[in-house]
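Below is one structure, written out as structure tokens; the observations come after it.
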Amino acid sequence: GFDSEFWEEDKIAALYSFSKPAGLYSRGDAEANPYRTVHSLIAKAASNGVRVFEQSEAKHYEFTEDGVICHTESGRIIAKDVIFAMGYETQEFKKDRGAELINTYAVMTKPLKDFPKWHERSLLWETARPYLYFRTTPEGRIIAGGKDEQLTDPERREVRVISQGQKLLEELEALFPEIKGIELEYSWGAVFGSTRDGLPYIGPHPKFPHCYFIEGYGGNGTVYSMIAAELLTDTIAGKHRPELDLFSLTRSAKPSPSKSLDVMKQN
């Protein structure tokens, strides 16, 4: 049901400054400012009666027969159910054998006066591992990301931002020779999480009664989070969702072999 087309090398070369053996061109994607998106979601939830407590770190938890007691510096929160949606910091709280944390990098160029041969300024995402991705901004900048590498301490990552950012720029110039000489305005690095089998972790864990986890690791975090929201809403409301077995936190996390075209279809 996805509105996608399989493009071969000649069509890619006709529409972009580069050529690749093949690709999937899909319609209906969207770009969003993640900071504004998250704040909008919180504001919408608050308008529907959700109480939001900022700067309220939970120091420890008591698991009782009826629920969970979350202790903060200023008091405690008594909950029937708790959903942990803490991103990659979940691994500091609960280790998952199949989770892998790495360093990833991104850069943003200064605004371009003239755009290169880039069909509809579409999002570009390689199926390679580690992959590269590219997109544009409304004010005419290019964002490039990738060059993932083994996780290091934050200080080491900050040192690597400059060199890895330069490599990302070189990759960008190789794809779009017309922009050679463009300057970077921002470079940054961060932790990125994935899983060995490519699927997120969603659902309960036997060591944490009355708790559910959302760990949308991988390059599809927003999609996984939407899936998790639906599955856990139904589960807490008493509806059985067998799909949660796919994302079980206790599943065997061995990677499954696949051919390159299979990977392309998944992406």
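Gly218 meets each of the listed conditions (1) modelled with pLDDT of 90 or more; (2) within 30 Å of Ala79 (Cα to Cα) apart from (1). Considering the stretch 109-149, the residues that are among the basic types (Lys, Arg) and in contact with a Pro (Cβ under 9 Å, 6 or more places away or on another chain) include one that is nearest to Arg27 (Cα to Cα), namely Arg141.
Scanning for something closer than 28 Å to Ala229 by Cα and of a type outside the set (Lys, Arg), does the stretch 108-115 turn up at least one residue? Break it down stepwise before answering.
Keep residues of the stretch 108-115 that are closer than 28 Å to Ala229 by Cα, which gives none.
No, the conditions are met nowhere in the stretch 108-115.
Exactly one residue out of Glu65, Glu54, Glu5, Glu89 is free of Cβ contacts under 8 Å to residues at least 12 places away in the same chain, more than 24 Å from Ile202 (Cα to Cα) and not aromatic (Phe, Trp, Tyr), and it is Glu54. Within the stretch 140-192, the set of residues being touching a Ser or Thr at 6+ places or on another chain (Cβ under 8 Å), part of a helix (DSSP H, G or I) and either over 20 Å from Pro130 (Cα atoms) or aromatic (Phe, Trp, Tyr) (or both) comprises Pro177, Glu178, Ile179. Taken over the stretch 90-101, the criterion of being surrounded by 11 or more Cβ atoms within 10 Å (Cβ to Cβ), of a type in the set (D, E, K, R) and not in a loop (DSSP other than H, G, I, E, B) is satisfied by Glu100 alone. Taken across the stretch 32-42, residues that are more than 22 Å from the chain's Cα centre (by Cα) and of a type outside the set (Val, Ile, Thr) do not occur at all. Taking the conditions (1) open to solvent by 30 Å² or more (accessible area, probe 1.4 Å); (2) in a loop (DSSP other than H, G, I, E, B) in turn, Met108 satisfies each one other than (2).
Candidates in the stretch 184-206 are the residues that are aromatic (Phe, Trp, Tyr) and open to solvent by less than 40 Å² (accessible area, probe 1.4 Å); of these, the one that is nearest to Ala144 (Cα to Cα) is Phe192. Of all residues in the stretch 80-115, count the ones that are at pLDDT below 95 and touching an Asp or Glu at 6+ places or on another chain (Cβ under 6 Å). Residues in the stretch 80-115 being at pLDDT below 95 and touching an Asp or Glu at 6+ places or on another chain (Cβ under 6 Å): 4 in total.
Could you pull out every one of the strands (runs of 3 or more DSSP E) wholly within the stretch 17-89 that has 3 or more residues that are aliphatic (A, V, I, L, M)?
Once the strands (runs of 3 or more DSSP E) in the stretch 17-89 are filtered for at least 3 residues that are aliphatic (A, V, I, L, M), what remains is 76-79.
Here is a yes/no grid of residues against (1) out of contact with any Gly (no Cβ under 8 Å at 6 or more places or on another chain); (2) open to solvent by 90 Å² or more (accessible area, probe 1.4 Å):
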position	(1), (2)
Glu8	yes, yes
Ile12	no, no
Tyr16	yes, no
Gly23	yes, no
Ala32	yes, no
Leu41	yes, yes
Ser47	yes, no
Glu65	yes, yes
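The values are calculated or read from the model by the stated rules, or taken from the named source; none is laboratory data. Being a predicted model, the structure only gives us computed values, none of them experimental. A quick note on method: Cβ atoms are made from the backbone with ideal geometry, for glycine too, and the neighbour counts reach across all protein chains shown. The accessibility values were calculated without ligands, DNA or RNA, using every heavy atom of the protein model including side chains. Shrake-Rupley method; radii C 1.70, N 1.55, O 1.52, S 1.80 Å.
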